[in-house]
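Structure, as structure tokens:
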Amino acid sequence: MIEFSVIALFVGACLALTLTPGPDMLLIASRSLSQGRASGFVSLAGILVGTYCHALAAALGLSQLFLTVPLAYDVVRFAGAAYLAYLAWKTIRSVSNPLVINSAIASTPLASIFKQGLLTNLLNPKVALFVLALFPQFINPHAGSIVAQMLVLATILNITGLLVNGTVILLASRLSKKISASTRVAKALNNLLGAVFFGLACRLALASRA
């Protein structure tokens with residue numbers, strides 16, 4: 001299996017990655033701020049499962065498709081952008097108060113939030129290319145199953161992400177509880193979540209493969 005020194009180096013790379021604010025952290029923070037702690041952790045769970053899927057795809061060589069067939073990359077990229085734009089439209093049109101816990105659960109089931117987090121991650125080819133670029137540097141072909149090593153690395157990345165983004169979720173959800181009494185602020189936060197979805201859609205649609 002993977003040597004301890006290699007794992008330690010990979011943990012450092014994961015910390016540098018997860019501590020840098022990016023689309024996942026922005027999405028999780030805005031979800032937690034607008035809909036509470038449970039929604040934030042469920043959204044994060046979807047993203048973490050997506051990481052395992054990308055790791056498996058890279059191990060099986062599927063991510064190479066994005067490098068060799070530009071059209072496949074663009075199809076996935078624009079599908080992801082369209083999905084995020086749809087989530088933005090649906091979120092902004094919501095008339096419920098997202099900061100009332102019972103209402104939030106009724107209007108946005110946790111299963112739907114998990115699916116949104118998962119699909120947002122899966123439909124981002126940038127994540128697939130990132131995994132394909134980073135993970136092989138820590139893989140030893142002579143140390144056992146490539147798939148097993150990729151899953152170990154994905155688990156390390158996910159644990160690091162859980163610790164960092166879990167802290168973000170707790171801080172954001174605590175803030176949401178303090179301002180939950182204001183319907184105007186609640187609607188503004190719902191609009192903020194929609195704006196985050198739309199911003200991510202534009203970012204993905206306009207992104208290059210580099």
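Please treat every number below as a calculation from the coordinates, not as lab data. Model, not experiment: these values are computed from the prediction. Using ideal geometry, Cβ is built from the backbone for each residue, glycine included, and neighbour counts are taken over all protein chains shown.
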With each pseudo-label sitting 7 Å past Cα toward Cβ, what's the Ala111-Ala82 distance in nm, one decimal? 2.5
At q = 0.16, 0.19 Å⁻¹, what log₁₀ I(q)/I(0) does a Debye calculation on the Cα points of the stretch 4-206 give, no solvent, two decimals? -1.01, -1.29
If each of Leu56 and Ala143 carries a label point 7 Å out from its Cα toward its Cβ, how far apart are those two points in nm? 2.3
Dipole magnitude of the stretch 4-206, debye to nearest 20 (Cβ charges: Lys/Arg +1, Asp/Glu -1, about Cα centre): 780
Ordering 134-147, 14-27, 116-129, 31-44 by per-residue average of other C-beta atoms within 10 angstrom, highest first, gives 31-44, 116-129, 14-27, 134-147
For the stretch 4-206, whose charge dipole is built from +1 on Lys and Arg Cβ atoms and -1 on Asp and Glu Cβ atoms, the candidate among Ala72, Leu48, Ala38 with its Cα farthest towards the positive end is Ala38
